[in-house]
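Some notes on the structure that comes next.
FYI, it's all coordinate maths here, none of it is from the lab. A quick note: this is a predicted structure, and the numbers were derived from the prediction, not measured. Cβ sites come from the backbone with ideal geometry, for glycine too, and all protein chains shown count toward neighbours.
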Amino acid sequence: MAPTYTMAGGKGPNSYSQHSTYQRAFLEVAKEKISEAISTKLEINSASNRYNIADFGCSTGPNTFLAVQNIIDAVGQKYHKETQKNPDDNIEFQVLFNDHSNNDFNTLFQTLPPTKGYFVAGVPGSFFGRVLPRDSLHVGHCSYSLHWLSQVPKGVADRNSPAWNKDIHCTGFSDEVTEAYLDQFKIDMGSFLKARGEELVSGGLLFLLGSCVPDGVKMSETMKGMLLDHLGNCLIEVAKEGLINQGELDSFNFPIYPAHVAEFKSVIEDNGCFTIEAFERISHANEEFPLDPEFLATSNKVTFGGVIESRFGKEAMERTHELYEEKCPEILPKLANAKSGMQFFIMLRRN
């Protein structure tokens, strides 16, 4: 069975929709920046009565609804300011929700805001390729998705490779492993930008939000890196208990790579389709996870549980979750002294 890179679906107590306040806090802070960007950078065509907006990596909500509403409100305000017309009467907004085909689109559509003022369509498929018609998109948005790779980098799961990774993620302490992950990130981010460059109209805007690593900092020196190391240690314990084959665990790696700032900028510049209008560190109330074992364990489960279950089975995933929370207090002092990561706000304008 292929790994699933989607968040936990449904609306229950262990769903992503119930445990994504961290990401939502960022969207709330970014609202002002997005509004200002649309006000000053987006070209409004008064002759057009349709605006297409897409959220890439939408998951199940409710955060995606907040993100697109922020954009719609900003476009409407700019339209009214420039034309003196009521956007509600003159603009048709089409919102396109994109994510992997195994994303829980049922929950997404069941929980759409009842007072929404836009038409919607689900667009299943990987955002590493083009999923919309050429020159059809006016504003694109992608939040907390770009650290996921399309696949585990070649070599890191091969014991005979110099890039073989004994950990479950790119810690930053092995040059060979880091190079393998970076190469895959360059391929995937390049594909993402190429696809968006084809879909966006000239002058269209693309907003990218998420987490990266400050230049000069290794992933395992940050809180998120330490939490992944903790997850890896729990998986080792589950293997010792016999619920996971040790050989399979030795070849297991998460397909995630939070890039460094310079790496992000380099890929964007190499793509050539976009002008970087903003690349900023942004702070919000939930910038670092609270040092609460239950919160950390639940967040880990809704984010990574699907990957673990698809690889090792439900029983192993549940046992890993139990150990994660049980042993979490042991690493709290270390987490408290972790180096800061970086939450980024990037605005790109299609050339």
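Converting phi to 3J(HN,Hα) with the Karplus coefficients 6.51, -1.76 and 1.60 and the offset θ = phi - 60°, region 201-210 yields 6, 4, x, x, 10, 10, 9, 10, 10, x Hz in sequence order, with x at every glycine or proline. Taking label points 7 Å from Cα along the Cα-to-Cβ direction, Glu315 and Ala336 give a separation of 3.9 nm. Amide H contacts of Glu92 (H built 1.01 Å from N, in plane; Pro and chain starts excluded): Arg50, Tyr51 sit under 5 Å, all sequence-distant by 5 or more or on other chains.
With R₀ set to 41 Å, the beta-carbon distance separating Glu179 from Asn90 gives a calculated FRET efficiency near 0.20. Put simply, the amide H of Asn103, placed in the peptide plane, has no neighbours under 5 Å, leaving out anything fewer than 5 places away on its chain.
Remark: spin-label model distance Lys166-Glu248 equals 2.3 nm, labels positioned 7 Å along the Cα→Cβ axis. Counting only other residues whose beta carbon sits under 13 Å from that of Gln246, what net charge do I get with K and R as +1, D and E as -1? Spelling it out: positives minus negatives among the neighbours equals -1. Annotation note: GluC sites (Glu not before Pro) in region 225-324 located in DSSP loop regions with a Cβ neighbour count of at most 13 within 10 Å are Glu241.
Averaged over residues, the count of other Cβ atoms within 10 Å places the peptides 137-148, 116-127, 95-106 in the sequence 137-148, 95-106, 116-127, highest first. For region 174-181, backbone phi angles converted through the Karplus equation (6.51, -1.76, 1.60; θ = phi - 60°) give residue-by-residue couplings of 10, 5, 5, 5, 4, 4, 5, 5 Hz, Gly and Pro being listed as x. The slack in the chain from Glu326 to Glu269, taken as 0.36 nm per residue of separation less the alpha-carbon distance, amounts to 16.0 nm.
Only helices enter this figure: runs of n ≥ 4 DSSP H residues, each worth -39500 (n - 2.57), summed and divided by the residues of the chain, yield -13500 deg cm²/dmol at 222 nm to the nearest 500. Residue separation of Thr111 and Glu294 scaled by 0.36 nm, minus their Cα-Cα distance, works out to 63.3 nm of gained length. Taking amide H as placed 1.01 Å from N in the peptide plane, Cys273 has no amide H partner under 5 Å among residues 5 or more places away or on another chain. Neighbours of Glu237 by Cβ distance under 9 Å: Lys/Arg scored +1, Asp/Glu scored -1, total +2. When both bridge partners sit in the chain, DSSP labels roughly 40% of those beta bridges antiparallel.
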